[in-house]
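Here is the structure we will look at.
The values are calculated or read from the model by the stated rules, or taken from the named source; none is laboratory data. Everything quoted here is computed from the prediction, not taken from an experiment. Neighbour counts run over all protein chains shown; Cβ positions are idealised from the backbone, glycine included. Note: accessible area is taken over every heavy atom of the protein model, side chains too, but ligands, DNA and RNA are not part of it. Shrake-Rupley method; radii C 1.70, N 1.55, O 1.52, S 1.80 Å.
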Amino acid sequence: MIDKVGRIDISFNAVGIPNTRLQGVPLVELEVEQFSLPIATYTRSYFLTARLAARRMVEKRSGVIMTVTSIPSRTGIPLMGGVAPAMSAVEALTRDLSAELAPQGIRVVGLRPQGMPDSGTIKEVFGLHAKAYGISWEQFQEMIASRTHGRRLTTLAEMANMAVFMASDGASAMTGTIVNLSLGSLDD
């Protein structure tokens, strides 16, 4: 595809790991392999994708690399397993890539949404947590939403709209930062 188009302008990486034991299990009961899997998977995927895109973007001295994390990157949440350290590592990678690539005309930004119940993997994740708490999926979703100022969760459309803006020239001054889409549940 690159040979046909000739360039990469935007790299958007959002990884989801299907799981049944990565979350919803207390850390003291979690196997080391299950703890390590999200850390290795997320950081490797984001690194490899960004590296490949950046190599092409450097040639044109322009481009935007976007990562997607989640609020456990910044706050302690029970039963997250290795996902929280993985998200923190991805945010650090986002900042480091920006520091190296911005002088070459490439912006690197992250998006940090809150929940997104209409995304492909969140029902499974919410289900694991709901089961651990002994409540329904809907009750768990309401519990998470109650932590936001608007008492709701970010939608996939809202994140997509922010991604479009972040990729545009309108956000040209933004690099090395993570856009907080937590609806106020995190202070930035």
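Points to keep in mind about this one:
- Radius ratio Rg over Rh of the stretch 1-149, counting only Cα atoms, Kirkwood formula for Rh: 1.04
- Between residue 51 and residue 157, the contour length at 0.36 nm per residue exceeds the alpha carbon distance by 35.4 nm.
- Prolate/oblate/rounded call for the stretch 94-153, Cα gyration tensor, a/c under 1.5 rounded: prolate
- Under 27 Å from residue 123, Cα to Cα: lysines that are on another chain or at least 8 residues apart: 131
- In the context of the full set of protein chains, the chain has a per residue accessible area of 52 Å² (1.4 Å probe).
- Between 64, 83, 28, the GNM of the chain built on Cα springs shorter than 10 angstrom shows 28 fluctuating the most.
- Computed FRET value (nearest 0.05) for residue 173 with residue 75, which takes r as the C-beta separation and R₀ as 25 Å: 0.40
- For a label point 7 Å along the Cα-to-beta-carbon line of residue 143, residues of the stretch 1-41 with backbone N under 13 Å: 24-26
- DSSP bridge analysis restricted to the stretch 29-188 gives an antiparallel fraction near 0%, rounded to the nearest 5.
- For the pair residue 164 and residue 58, a Förster radius of 22 Å applied to the C-beta separation gives a FRET efficiency near 0.40, rounded to the nearest 0.05.
- Amide H contacts for residue 65 (H built 1.01 Å from N in the peptide plane; partners 5 or more residues away or on another chain; cut-off under 5 Å): 11, 107, 108, 109.
- Residue 131 versus residue 21: modelled label distance in nm, points set 7 Å from Cα along the beta carbon direction: 1.2 nm
- Part-to-part distance (alpha-carbon centres) for the stretch 130-188 and the stretch 22-40, which is given in Å: 24 Å
- Dividing the summed helix terms, -39500 (n - 2.57) for each DSSP H run of n ≥ 4, by the number of residues in the chain produces a 222 nm estimate of -14500 deg cm²/dmol to the nearest 500.
- Fraction of accessible area attributable to carbon and sulfur, the stretch 32-136 (%, probe 1.4 Å): 57 percent
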